[in-house]
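Report on the following structure.
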Amino acid sequence: MDTTPRRVEHQQTDRGYVPVYATGTVEQPWASYSSTDHEVWDTLYRRQKALLPAYACKEFLEGVERFGFGEGGIPRFDDLNEVLGKATGWKIVAVEGLLPDEVFFDHLANRRFPVSWWIRKPDQLDYLSEPDLFHDLFGHVPLLLNPVFADYMQAYGKGGMKAHAIGPEALMNLTRLYWYTVEFGLIRTDEGLRIYGAGIVSSKGESIYSIDSTAPNRIGFNLERVMNTKYRIDTFQQTYFVIDDFEQLFDATGPDFTPIYAKLATGEATSAAEVLDTDKVYQRGTREGFATSGDN
Ligand SMILES: [Fe+2]
């Protein structure tokens, strides 16, 4: 049941800002967006549209075209759902902000993608600590038109519900998989490495950094390796994992993860900047500018 949209603020506590979760879906309050909100969309769209042909994978760029994203202000979810539903049976649902894990997984497992209905302010074009409409919609939704990636996202949601039932360590392993693929993944193409991760394509700075910088590692995707690798939430990534194609990603979710969780629970996690002897290394990063602590 939809409820009245309400911007969710984080609460300041002695542990810093803590998100206040709202679990319901809302009706996208399209009529209430201000001209400033629409201008923020247009500005972010224009910047990424100019940049991404040289950086993003073709499946992402095709998705942007098929949805008809443009500089006409914030898209209406209902219009996008017409296209999305016909293509892969996915549906965008508007939400107030970050969701508790089990609610988020349930959406994905049922081919619903939650999108924050509100957009960042003009002084937050380059950085925002929580996902807004531009990140969720522009970053994530174009690839949901790709049938293989769409299936991967659903499989991830199902895996999430299982991991949630197993315990917090399993959930952490699975969260790393999402982080290093859905949010910060790179893909190998004939034109070189390209971006498919939503956290990168929705950020001008990281789009350039993830492909052009010599600082981070770029390492071939390996499920266990990814699930055992810590990550940064406060800086650009120190390691990016590279898939060969979306089939590789989907196939990786085929086996039951339970034995992998059990195995990883007995060892040490790999730090975000580390390169292992067993890695397929596309680029060993120079580590220039890396912080030495603070992995998650
Ligand atoms: Fe995201």
Next item on the list: Restricting attention to segment 115-137, report how many residues are within 13 Å of the ligand (Cβ to nearest atom), under 18 Å from V201 (Cβ atoms) and either outside any helix (DSSP H, G or I) or in contact with a His (Cβ under 6 Å, 6 or more places away or on another chain) (or both).
Entry: 6
Notebook entry, point to check: Restricting attention to segment 26-57, and to residues there that are among the hydroxyl-bearing types (S, T, Y) and under 29 Å from E191 (Cα atoms), which single residue is surrounded by the most Cβ atoms within 10 Å (Cβ to Cβ)?
Noted result: Y55
Notebook entry, point to check: Among all residue pairs at least 6 apart or on different chains, which show Cβ distances below 7 Å where the first residue, located in segment 49-73, is outside any helix (DSSP H, G or I) and the second is of a type in the set (G, A, S) and modelled with pLDDT of 95 or more?
Noted result: Y55/S207
Next item on the list: Identify the single condition in (1) in contact with a Lys or Arg (Cβ under 9 Å, 6 or more places away or on another chain); (2) of a type in the set (A, V, I, L, M, F, W, C); (3) within 21 Å of E59 (Cα to Cα) that V182 does not satisfy, given that it satisfies every other one.
Entry: (1)
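Residue-wise test of (1) farther than 21 Å from T181 by Cα; (2) within 19 Å of the chain's Cα centre (by Cα).
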position	(1), (2)
L61	no, yes
E82	yes, no
L98	no, yes
E102	no, yes
D106	no, yes
W117	yes, yes
D123	yes, no
L128	no, yes
D132	no, yes
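The values are calculated or read from the model by the stated rules, or taken from the named source; none is laboratory data. The shown structure was predicted, so the numbers you read here are calculated from the model rather than taken from an experiment. All Cβ positions, glycine included, derive from the backbone under ideal geometry; neighbour counts span all protein chains shown.
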